[in-house]
Each structure stands twice: as C-alpha cells, then as structure tokens.
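**Student:** Before anything else, here's the structure in question.
The values are calculated or read from the model by the stated rules, or taken from the named source; none is laboratory data. Quick caveat, the model's predicted, so the values are computed rather than measured. Don't worry about glycine lacking a Cβ; one is built from the backbone with ideal geometry, like all the others, and counts go over all protein chains shown.
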C-alpha cells in the first residue's frame, strides 16, 4: 500500500479512505504480510476469500455431521457456551478432527440455521456472544425449559378424553404437605401426604404413583409454577407424561 510506504499513520489512512481507524487497523492486522509496509490489495482479497471458504467448510462440517449437530444442540440447551463446547470437544477427541469445531463456527451455525437455540445463549445482544459473567439466572433458565399451558392440545380443555391430569401441592394449616393429582375427565383424585414439600420428594411420589398407570391414561399433566415441581424433567422422563405449566403469575 503506497500510503503505508509513505509513512502515513493509520488514522490518516482511514480519513483518506473514508473508513474508521479501527476498520483500517483490523484490515491490516488480518491481511498484512509483515510489520512494515507489506500490504498487497490483491493478496488481501485472496486471503479474505480463502478465509470465507474455510468458514463455509467448517459450517458444512456441522451441517453434514449428525453426531456433531446433536452434541452442540444438547449442550447449548444445557446453557453451555460455544467456547465451552469447542474446548470440551478438543479435550475429549484430540485425535478426531470430525468431532472438533471452533467456537465461531458454532455461533454461525446457531444464528444461521438453529435460531431456536439463541435463547439459550448467555448473551444475545450482538451476533457473536462472547462476554463472560452474563449467565442467565437459574430461575430464568428453568422457566425457559417449561412447556406452557397455551401449548396444550384443545382436547385437554374439552375434558372429553381420559388421561389429562392437573396437579397441585397443598400446604395445610398444620403445615402438612399434600400432593394432589386430578384426572380432568373422570375427576379421579390421587392424593399423597409428603413429609416435606421438596421437589425431590414430589418427584419421587409422582413417579411412584404413575409408573403403573397405563400409558393411554397418562397423557398430559398441568402444574402451577411452584418450586415443588422443579424436577419436572425427570418426572416426565420416568412417567412418560407430557408436563405443562401455567403461565407465569397465573395459577392455571
């Protein structure tokens, strides 16, 4: 670049080109061939093109690798950052190139192809979320995982089919804890007394209650938003019931 050889400063070059000083600095940092005046426009274009080709190849590496796609999705849904995923893959599979991917490629994949995963990223302001210390509070992460009542089939509200339940945790005046499940069509009540109103005991008792009920008679369950039902994912996995929750700040 002639202006570099002439000794112009980067801010002066930026003014001549109508660019910001930071843009000029970034371009030189990426495409300069030495620390003096080694900037060639043709070579810079070639290097930029090569980087784009490499980026597309890395992107296709995810698209064409079912195992890698599933691994990334599962970890993102557990609020892992792309940096953590990339680092973990490199640690677990140091000799398996097909199971390694850079953090930037993961970000690009999420924003371009899996936008439904963006909500699990710790920061969503910019295209690439790399800031640390912005972890979503635990309560907010748990809320994002819940299915909401408005996602249920209309058949649930009609109460014309056996198998749709609603559950509640009740605390009596004597501080006794009762776990109640009601089948919406028949009105069948299953009530259990708990020593404590913890999420763990609630999960254990619910699984115990429903594990022997036929699958066709345990289709959905709707709970309120109490912390008693915090272990709903494990309950759902063990019983096969699809669990829904009332909208926030609504009992049902």
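**Student:** Which count do you get for residues in segment 72-99 that are in contact (Cβ under 8 Å) with a residue 12 or more places away in the chain and more than 18 Å from the chain's Cα centre (by Cα)?
**Tutor:** 2
**Student:** Next question. Suppose we filter segment 58-103 for residues that are closer than 22 Å to residue 120 by Cα and assigned to a loop (DSSP other than H, G, I, E, B); how many remain?
**Tutor:** 8
**Student:** Moving to a separate point now. If you scan segment 122-166, which residues turn out to be assigned to a loop (DSSP other than H, G, I, E, B), within 28 Å of residue 231 (Cβ to Cβ) and at pLDDT 85 or above?
**Tutor:** Matches in segment 122-166: 147, 152, 153, 159, 161, 162, 163.
**Student:** Related question: Scan segment 181-234 for residues that are part of a strand (DSSP E or B) and free of Cβ contacts under 8 Å to residues at least 12 places away in the same chain and jot them down.
**Tutor:** Correct list: 189 only.
**Student:** Quick one: would you say residue 152 is closer than 22 Å to residue 237 by Cα, surrounded by fewer than 17 Cβ atoms within 10 Å (Cβ to Cβ) and in contact with a strand residue (DSSP E or B) (Cβ under 6 Å, 6 or more places away or on another chain)?
**Tutor:** So residue 152 passes the test.
**Student:** Turning to a different aspect of this structure: Scan segment 235-247 for residues that are part of a loop (DSSP other than H, G, I, E, B) and out of contact with any strand residue (DSSP E or B) (no Cβ under 9 Å at 6 or more places or on another chain) and jot them down.
**Tutor:** Answer for segment 235-247, where residues must be part of a loop (DSSP other than H, G, I, E, B) and out of contact with any strand residue (DSSP E or B) (no Cβ under 9 Å at 6 or more places or on another chain): just 240.
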